[in-house]
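All remarks here apply to the structure that follows.
The values are calculated or read from the model by the stated rules, or taken from the named source; none is laboratory data. In this text the structure is predicted, and so the values were computed from the model without any measurement. FYI the Cβ positions are ideal-geometry reconstructions off the backbone, even for glycines, and counts take in every protein chain you see. In case anyone asks, the SASA skips ligands and DNA or RNA and just uses the protein heavy atoms, side chains included. Shrake-Rupley method; radii C 1.70, N 1.55, O 1.52, S 1.80 Å.
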Amino acid sequence: MIIHKPRHPAVPPELPDYETARRTFTWPPATGVNIAWQAVDRHLGTPARDRVALRCIGRDDTLTELTYLDLHRRTARFANVLRALGVGRGERVFTLLGRVPELYVTVLGTLKNLSVLAPLFSAFGPEPIRERLHLGDGRVLVTTPALYARKIAPIRDALPGLKHVLVTGDGPAPEGTLPLAGLMAAASTAFTIPATQAEDMALLHFTSGTTGKPKGAVHVHGAVTAHLTTARYALDLRPGDVYWCTADPGWVTGMSYGVIAPLALGVTMVTDAGEFDARRWYRTLQEQHVTVWYTAPTALRMLMRHGKELAAGYDLSHLRFIASVGEPLNPEVVLWGQDALGLPVHDNWWQTETGAIMISNYASMDIKPGSMGRPMPGITAALLERGEDGRARVTDGRVTVVTEPGAEGELALRPGWPSMFRGYLGDPGRYAKAFAGGWYLSGDVARRDEDGYFWFVARADDVIKSAGHLIGPFEVESVLMEHPAVAEVGVIGTPDPVAGELVKAFVTLKPGYQPGEILRRDLVAFARTRLGAVAPKQIAFDQHLPHTRSGKVMRRLLKARELGLPEGDTSTLEDGGSR
Ligand code: ATP
Ligand code: MG
C-alpha cells in the first residue's frame, strides 16, 4: 500500500522530489556552526527577530512567550553567568528541568559559552541522575528547588565535581545552591560567542536505555547543518510554521528537533510542560494552530485508543504535517492518522548516536505505511549480512552488503554525516565496536524493498528464532494492532525445548474490552490467519506494558519478567511501567 503525495495538499512545492534531492544534495559548509548562533543570534538582523520563538504552556496552562530577541538576551545573560562562575569551554552543564523557559535558555546559553550541555529527564530518580552526572563529569546543574530537595540533596556529597547548582524560581535558593534569577538579573545581555569549530563538543546525550545501560553519546556543534537540512525534508518545517515536538528535551529528539532545528529555522515553537492527556493534546493542536507536529508511536496509539470521535471534536485544520519517531510505527497508525486527523503520519528513523534523522518518509515522497522511508539526502544506508549473534558478520574487518530486495540485514550507515556521534563518553572500546568495514552499525535489523524503502524488523537483540523462522516482533505487533480490541502490543520470544523460542504477545486492550478466554482465542486466530506459522501462540493481557521514559515498549523487561530473570538496568523505565 502506498499513500501518493501528489494528491495531498502537504506536498511542498519548493522541496525537490526524492531522486533530485539525492542527486543534487551537498552538505552546507560548516561555517558559523555554533548551534546557539544558528538558533538564536543569527535571527537578529532578520524579520524573525520579533517573532515568537518559544510559546511555553505551563502545567497550569499559563502561557509564556519569548521572542527571538528575548531569547538572544536571556541566553547571553546565561552565558555570562557561566563565565562569571568560571565555567568554560568543554565543561559540562546538566539540566534537570521540565519544559520550562529556563530550560531552553540554559541549553542555548551553555552552547553560546562553548560549554557542553547534558540534558536529564526530570522524572529520573536520584540514582540514575547520580550515575549520569558522574559519568558526564557535571560541573553545573540547573534544576528547581523541589527537584533539588528530592533528588540532588541526597546525592550531592557523592558528586565532588559538581561545583554549582543553580535553581529556578523566585523563592529563596536552598542551602548549597544559587538562585538562577538573581544571577541572570545581574548579568549583561551582551555576549560575543567565541569562535566555534565544527568539531567542538556541544551536547552529551544519554540513550534511552531500551536494551541495557544508557550510553553517553558525544555530539558536536557542526551537527547543526544536519539538524537544519533534515528538518526541512523530514518534517517539512518552514519559516512561519507553528511547530510542536512532544519529545522531552531529556532525549535526543527533544533536543535536535525540540530545540535546535526549529529555532535554527526561525519557526514558532510550542512546548507543553504538562503530561500526556488526549484532550489536552488535541486542545493544544487546536488552540495553538499547530502546523507541524512531531510525536511518537506510543502517543499516537494512545490517541487511537480514545477513538476517532474524540479527534472529530477539535479543529485540527491548521495541521499540515505529522511525523513520528522512536519506535516502529504500525501501518494501522499511519492510516488512522489519515482517517482521524486528516493527515497520514510520516515515520522516520534515527538514533541518539546519529544525532539527526537518517531515514524518513519525507515530505515530497510517497508514504508506504509501515516503512521507515528512504535515506535522507546525504545519507548512505545499507543492510549488512548477519552472523550467528544476529549482528553484522565481520570477517577480517570486512562486511557483506545485502542487496537482494526483501532480504534482511543489520542497518548500517556510511560514516561522515555532520551529526554523527563522536564517541561514547568514557568508553572508546564500545565506540570502536560500533564501526566495521567502513560502516556504522546501528544494531537494528531491517529489510529494503525494490523501491528502496526500508522496513524495520527488530533490534538485533529482539529477533525471535522460532522453529527455523526469524521473526521480528514488530511485524507480529502490527498485525495484532489491526484487531479492534487492541491498543498496544509487546511481543517477545519465550524459550521452548522444541521450537527454540515461541512467540508471546502482551496485549493492552482498548476501553470497553474485557480480557478473557474468548477474546484471547479470537486474537490467536486473528493473528494466525494473517501471519501463519509465525503467529503468537501465547497471548497475555497486560494493561501496563513497561515503557521507557522516551515512550518505547521495553521488550527486554517483558522478557526478563516472563523468565523470572533480574530486570537489569531499569533507570529509564517509566514509573511503575504504566502510563
Ligand atoms: P539503548 O541504545 O540505550 O538501548 P535506544 O536504542 O532505545 O536505547 P534511542 O537512541 O533513543 O535509544 O533510540 C533509537 C532506537 O529506537 C533505534 O535504534 C530503533 O531501535 C528505535 N527506533 C527509532 N525510530 C524508529 C522507527 N521509526 N522505527 C523503528 N524503530 C525506531
Ligand atoms: Mg540504541
request  = Name the single residue, out of those in the range 440-481 being among the hydrophobic types (A, V, I, L, M, F, W, C) and under 26 Å from G416 (Cβ atoms), that is farthest from ligand 1 (Cβ to nearest atom).
outcome  = L441
inquiry  = Looking at the range 527-547, can you tell me whether even one residue there is within 16 Å of ligand 2 (Cβ to nearest atom) and open to solvent by less than 40 Å² (accessible area, probe 1.4 Å)?
reply    = yes
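Test of understanding: among R448, R393, R422, R414, which residue is at pLDDT 95 or above and over 28 Å from H219 (Cβ atoms)? Don't jump to the end; show me each part of the working.
Details: R448 fails: over 28 Å from H219 (Cβ atoms); R422 fails: over 28 Å from H219 (Cβ atoms); R414 fails: over 28 Å from H219 (Cβ atoms).
Answer to the selection: R393.
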inquiry  = Going through E327, E309, E353 one at a time, which residue ends up being in a helix (DSSP H, G or I) and not small (G, A, S)?
reply    = E309
From G437, G406, G387, G452, residue being surrounded by fewer than 20 Cβ atoms within 10 Å (Cβ to Cβ), away from ligand 2 (no atom under 16 Å from the Cβ) and free of Cβ contacts under 8 Å to residues at least 24 places away in the same chain = G387
message = If the requirement is being modelled with pLDDT of 95 or more, open to solvent by less than 20 Å² (accessible area, probe 1.4 Å), in contact with a Ser or Thr (Cβ under 7 Å, 6 or more places away or on another chain) and part of a helix (DSSP H, G or I), which of these qualifies: L108, L71?
response = L108
message = For the range 226-238, give me each residue that is within 21 Å of V116 (Cβ to Cβ) and either open to solvent by 10 Å² or more (accessible area, probe 1.4 Å) or within 16 Å of ligand 2 (Cβ to nearest atom) (or both).
response = L228
inquiry  = Among the residues in the range 556-568, are any touching a Phe, Trp or Tyr at 6+ places or on another chain (Cβ under 8 Å) and of a type in the set (A, V, I, L, M)?
reply    = yes
message = Take the residues in the range 297-328 that are within 14 Å of ligand 1 (Cβ to nearest atom) and farther than 15 Å from M481 by Cβ; name whichever of them is most open to solvent (accessible area, probe 1.4 Å).
response = G326
Within the range 245-275, considering residues that are in a loop (DSSP other than H, G, I, E, B), open to solvent by 10 Å² or more (accessible area, probe 1.4 Å) and within 16 Å of Q351 (Cα to Cα), the one nearest to ligand 1 (Cβ to nearest atom) = W251
Subset of the range 162-209 (residues that are open to solvent by less than 50 Å² (accessible area, probe 1.4 Å), in a strand (DSSP E or B) and either more than 18 Å from S256 (Cβ to Cβ) or within 16 Å of ligand 2 (Cβ to nearest atom) (or both)) = H164, V165, L166, V167, L204, H205, F206
